[in-house]
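Just below is one structure, and these are the notes that go with it.
The values are calculated or read from the model by the stated rules, or taken from the named source; none is laboratory data. If you're wondering where the values come from, they're calculated on a predicted model, not measured in any experiment. Cβ: placed from backbone, ideal geometry, glycine included. Neighbour counts: every protein chain shown.
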Amino acid sequence: MRTLLIGGAGYIGSTIAHHLLDEGHEPHVLDNLSTGAREAVPPSVPFLQADCGDAAALSAAISNWKIEAVVQLAAAVRVEESVAEPAKYYFNNTVKSLSVFDTCAKAGVQDFVFSSTAAVYGEPDVALIDEHVTTRPANPYGHSKLASEFMLKDIARVSGMRATIFRYFNVAGADPKLRTGQRTPEATHLIKVAAQVAAGARPHLDIYGTDYPTPDGTAIRDYIHVTDLAAAHVLALTKPGGPSQTRLYNCGYGTGHSVREVVAAFGEALNHKLPTRDCPRRPGDVAALACDPAKLKAELGWTPRHASMSEIVRSALDWERKLTAMRG
């Protein structure tokens, strides 16, 4: 299948590109490289540097490459920044996504996969979140993604496009073959930052919030290995739903880990403790988020293969060591 990955030079997109190649498909990448890296794209994959909001460039790419399916990954993703700069998030995540959905529908794209987020749920009063839980975003990032979901559903309904929405929980780890991983030096994701601390790139790990209503006072999240997430995307593309239909799936393991538990996992992998610093909560963060992935498993046959926290941590550390060596 000829698939266009919008934002395919980023962490998740480049992992999906490798996974598609491994499965015998034909990925293509469009990315403006504002946060992605050209070297993250597999050398054999056709690449176009363009912004996803450029409808003419996107339409030409779909036509020239004879694209059958599109995966929209491009987005601004920092919760705290979304609280400070909401207009940036509504423009990048909502306005540009509307342009992408409309362009793809008009170009006759058959299958569309959209990267959404667990942030659309806010802070529901349930231990495990399934797809029926009411959406109540607690920050502009979540609002921007939820608005995009509604637009995609409506456009798919009238255009005949088959759509799949994935609500990502916390994506972490690196490709087991170390072909790609998270490259952002100024990353804010816990496991990436912890790996940077372990590599000596940062002096300590800031723990944002130690007074949450959780067993150890730190925030709890459901972490999913990026390779298992990439596998879910390939399944969505190879097992499409019906025309004008939009499918919705949570992407996680159904197990929550607190910040202190993640720090402890790094300590076990390193045989020494990570230096940490307790800090106030970040605006927009919630106490706990963990999902029920039953629907993803039942309908797409998704079987996670890298679900242990120790494996996620080891792969993140191995990738960080490779990055350090590459930078000299």
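Given the options Arg277, Arg281, name the one that is part of a loop (DSSP other than H, G, I, E, B), farther than 25 Å from Val71 by Cβ and touching a strand residue (DSSP E or B) at 6+ places or on another chain (Cβ under 7 Å). Full working, then the answer.
On the way: Arg277 fails: part of a loop (DSSP other than H, G, I, E, B).
The conditions single out Arg281.
Of the residues Val77, Val126, only one is under 20 Å from Ala230 (Cβ atoms) and either hydrophobic (A, V, I, L, M, F, W, C) or without any contact (Cβ under 8 Å) to a residue 24 or more places away in the chain (or both); which? Reasoning before the result, please.
Values: Val126 fails: under 20 Å from Ala230 (Cβ atoms).
Of Val77, Val126, the one residue that is under 20 Å from Ala230 (Cβ atoms) and either hydrophobic (A, V, I, L, M, F, W, C) or without any contact (Cβ under 8 Å) to a residue 24 or more places away in the chain (or both) is Val77.
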Only one of Ala50, Ala57, Ala74, Ala84 is in the same structural domain as Thr238 (by TED's automatic domain parsing) and loosely packed, with under 15 Cβ neighbours inside 10 Å, namely Ala84
Residues in the range 273-289 that are within 20 Å of Gln196 (Cα to Cα) and acidic (Asp, Glu): how many? 1
